[in-house]
Structure formats: structure tokens, C-alpha cells
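One structure is given below, encoded as C-alpha cells.
The values are calculated or read from the model by the stated rules, or taken from the named source; none is laboratory data. What you see is a predicted model, and the numbers here were worked out from it, not measured in a lab. Positions of Cβ are backbone-derived with ideal geometry, glycine not excepted, and every protein chain shown enters the neighbour counts.
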Amino acid sequence: MMLKKTLMAALLVAAGTAFAADDGQSAQEKFQQLDQDSDQNISRSEAEQEQKILDAFAEIDQDQDGVLSQNELEEWKSQKKEEKKSEEQ
Ligand SMILES: [Ca+2]
Ligand SMILES: [Ca+2]
């Protein structure tokens, strides 16, 4: 059953590529990088490290509590991806 094994490996590679898409960094990695005090929130001053995030801060902060949760960042990122996709069509 060599074929099955090869197919599995190909699928794994494809899944890995899809996950690593975007700007080469997952939302989680980005989040941890920006969250300097590791309180699981990105404050506005932490967002200043990344102009792109800072510009969209109010947009990303869905519950408007003044900080960005990892969830909010992830949702914003996938939303951006969707927008990009529809622009390309
Ligand atoms: Ca923080
Ligand atoms: Ca928030």
C-alpha cells in the first residue's frame, strides 16, 4: 500500500502549506510576538509594533474593550484573507 502512504504524505504537505499561507506567519505566532507582557491581550501600545495592526485596531477590536484578543486577531486575519480572495476573482 505504498500509494496510500504517498497520498497521505502529500495531503499533509498540502495542509501544512495552507496553514502557513498568508504572510508566512499564523495569527497565533503574530499574536504571541506582539503580546510582549504575555497577558493574552494586545494593548494599543503593543499594537504599535505593527503599523498594519495599529491602523486597523478599532476594526479588529470587535468587543471594543480596548485590547485585542487572539480570537479577534484570528477573525480579522481570516476576514482579510476572504476579502483578498474576492478581490482576486
Ligand atoms: Ca499584552
Ligand atoms: Ca477586544
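Any idea which residue in the range 24-36 is nearest to ligand 1 (Cβ to nearest atom), counting only those that are outside any loop (DSSP other than H, G, I, E, B) and out of contact with any Lys or Arg (no Cβ under 6 Å at 6 or more places or on another chain)?
Applying the first criterion (outside any loop (DSSP other than H, G, I, E, B)) to the range 24-36 yields 27-34.
Keeping just the survivors that are out of contact with any Lys or Arg (no Cβ under 6 Å at 6 or more places or on another chain) gives 28-34.
On the way: Gln28: 14, Glu29: 15, Lys30: 13, Phe31: 9, Gln32: 10, Gln33: 11, Leu34: 8 Å.
Restricting to residues being outside any loop (DSSP other than H, G, I, E, B) and out of contact with any Lys or Arg (no Cβ under 6 Å at 6 or more places or on another chain), the top hit is Leu34.
Six or more apart or on different chains, Cβ atoms under 6 Å: show the pairs whose first residue is in the range 63-75 and closer than 10 Å to Ile42 by Cα and whose second is of a type in the set (Ser, Thr, Tyr) and surrounded by fewer than 18 Cβ atoms within 10 Å (Cβ to Cβ).
Val67/Ser43
For the range 12-33, name all the residues that are more than 17 Å from Ser78 (Cβ to Cβ) and at pLDDT 90 or above.
Kept after step one, since they are more than 17 Å from Ser78 (Cβ to Cβ), are these residues of the range 12-33: 12-14, 16, 32-33.
The answer is Gln32, Gln33.
Conditions tested, residue by residue: (1) of a type outside the set (A, V, I, L, M, F, W, C); (2) part of a helix (DSSP H, G or I); (3) out of contact with any helix residue (DSSP H, G or I) (no Cβ under 7 Å at 6 or more places or on another chain).
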position	(1), (2), (3)
Ser38	yes, no, yes
Glu46	yes, yes, no
Leu54	no, yes, no
Gln64	yes, no, yes
Leu73	no, yes, no
Ser78	yes, yes, yes
Glu83	yes, yes, yes
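Just give me the residues in the range 56-89 being closer than 19 Å to Ser26 by Cα, more than 13 Å from ligand 1 (Cβ to nearest atom) and not acidic (Asp, Glu), in sequence order.
If the condition is that a residue be closer than 19 Å to Ser26 by Cα, more than 13 Å from ligand 1 (Cβ to nearest atom) and not acidic (Asp, Glu), then Ala56, Phe57, Ile60, Asn71, Trp76, Lys77, Ser78, Gln79, Lys80, Lys81, Lys84, Lys85 are the ones that fit.
If you go through the range 58-89, how many residues are at positive phi and surrounded by 10 or more Cβ atoms within 10 Å (Cβ to Cβ)? First the steps, then the outcome.
At the first step, the residues of the range 58-89 found to be at positive phi are 64, 66.
Within this subset, residues satisfying the condition of being surrounded by 10 or more Cβ atoms within 10 Å (Cβ to Cβ) are 66.
Qualifying residue count, the range 58-89: 1.
Is it true that Ile53 is more than 11 Å from ligand 1 (Cβ to nearest atom) and either aliphatic (A, V, I, L, M) or modelled with pLDDT of 95 or more (or both)?
It is true that Ile53 is more than 11 Å from ligand 1 (Cβ to nearest atom) and either aliphatic (A, V, I, L, M) or modelled with pLDDT of 95 or more (or both).
From Ser38, Ser43, which residue is of a type in the set (Ser, Thr, Tyr) and surrounded by 10 or more Cβ atoms within 10 Å (Cβ to Cβ)?
Result of the check over Ser38, Ser43: Ser43.
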